[in-house]
């Protein structure tokens with residue numbers, strides 16, 4: 001059985017504790033916003049509950065201004081050799097770029113360092129299909145519909161090493 005990128009990162013729950021009610025609200029928000037943004041990126045019909053409209057507007061405006069071509073939206077990627085899988089949010093070409101990049105949508109207002117490990121795992125998965133994948137980063141959507149905050153991660157070699165270590169720790173703790 002393949003371990004998901006997010007399962008492997010759950011090893012860090014003790015380091016980054018979050019109360020269950022806060023985590024549940026964030027997961028609900030993230031699921032709803034991701035579904036709306038993915039539908040938009042796939043050119044499908046979108047409905048967004050009023051309380052999440054700002055996040056969606058933030059994404060839509062960014063997407064229209066900066067995205068040239070979309071290759072992948074929340075598709076399952078697997079690495080059977082290393083035994084893990086994940087669903088990167090977006091692999092696309094930004095206007096002015098020549099090579100595809102990988103971006104993950106985020107709804108928290110604060111940046112978390114752990115995201116670069118998540119993106120490193122996704123990049124490892126994506127490199128099998130997108131050999132010329134270039135940039136990776138997170139897009140923190142604005143709850144009021146404003147311009148999102150982008151964080152590009154430039155330390156892939158270091159970050160993938162840490163991610164793979166966490167994957168091994170997860171397997172050790174789970175007895176796999």
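Read-outs: derived from the displayed coordinates by stated rules, not from any lab. Because the structure is a prediction, the values reported are computed rather than measured. In this analysis, Cβ positions are derived from the backbone assuming ideal geometry, glycine residues included, and neighbour counts consider all displayed protein chains.
Annotations
- The chain - Kirkwood radius from inverse mean 1/r over Cα pairs (Å): 16.8 Å
- Mean residue ellipticity (222 nm) of the chain, computed from DSSP H runs ≥ 4 via -39,500 (n - 2.57), nearest 500: -13500 deg cm²/dmol
- Residue exposure sequence - 174, 158 - by fewest surrounding Cβ within 10 Å: 174, 158
- Cα long-axis angle, helix 115-126 against the chain (0 to 90 degrees, to the nearest 10): 80 degrees
- Nearest-ten-degree value, helix 156-174 long axis tilted from longest Cα axis of the chain: 60 degrees
- By the count of other C-beta atoms within 10 Å, a proxy for reagent exposure, 87, 111, 34 are ordered fewest to most as 111, 87, 34.
- Bridge orientation summary for the chain: considering DSSP beta bridges with both residues in this region, about 70 percent are antiparallel.
- Exposure proxy order (Cβ contacts within 10 Å, fewest to most) of 85, 37: 85, 37
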